[in-house]
Amino acid sequence: MDGAGMTQEELQDLRELIEFLKENGIAEFSTESGERKVSIKFAGAATSFDPSAFAAAMSQSRPSAAAAQTSATSSAAASAEAPADENAGLHIVTSPIVGTFYESSAPGSPAFVSVGDQVDVGQVLCIVEAMKLMNEIESDAAGEIVKRFVSNGQPIEYGQQLFAVRPRS
């Protein structure tokens, strides 16, 4: 398998990402850029992993229904894990990828959102930088931002809580 549909630079970036994830014990990672979606999930302990085999499989950029269902189930599970008393009735926005959290588009620029702001579905809440790609994280619920769980410039993990939104009635 040769990673058809990927440039040599993209294959090298993928190999570096996989090594980084393995070295840091990160079991799951997901990112999206244009039409290409990458999702990596290591089973059990760190094992031998062939990046070129993964790259070939990844060249088919359409996610399976099972993958979409797994992602939805993971989001629901992450929301269910929140303490019932503290976050009861709140919608928790979680990170879909591993990276670095940024509250604004550039240093010195105002934050996309602050606690107390009203947001709509699809509104940009923050940016997560992953592999030099800036990924806008959008709200998947309309309501009021009541809490931000992370600070600007903080490294974050897949599924980590970013914001709590009190849904509109």
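FYI, it's all coordinate maths here, none of it is from the lab. Quick caveat: nothing in here was measured; it's all calculated off a predicted structure. Note that we place each Cβ from the backbone using ideal geometry, even for glycine, and neighbour counts take in every protein chain shown.
Each residue in the range 145-164 was checked for being in contact with an Asp or Glu (Cβ under 7 Å, 6 or more places away or on another chain) and either of a type in the set (S, T, Y) or crowded, with 16+ Cβ neighbours inside 10 Å (or both), and 2 of them qualify. Residue pairs whose Cβ atoms lie under 9 Å apart, separated by 6 or more positions or on different chains, with the first residue in the range 129-140 and of a type in the set (V, I, T) and the second surrounded by 15 or more Cβ atoms within 10 Å (Cβ to Cβ) and assigned to a strand (DSSP E or B), are I137/V93; I137/F101; I137/L125; I137/C126; I137/I127; I137/V128; I137/L162; I137/F163. Which residue is nearest to I97 (Cα to Cα), if the candidates are limited to the range 143-168 and must be small (G, A, S) and not in a strand (DSSP E or B)? For the range 143-168, the residue satisfying everything is G159.
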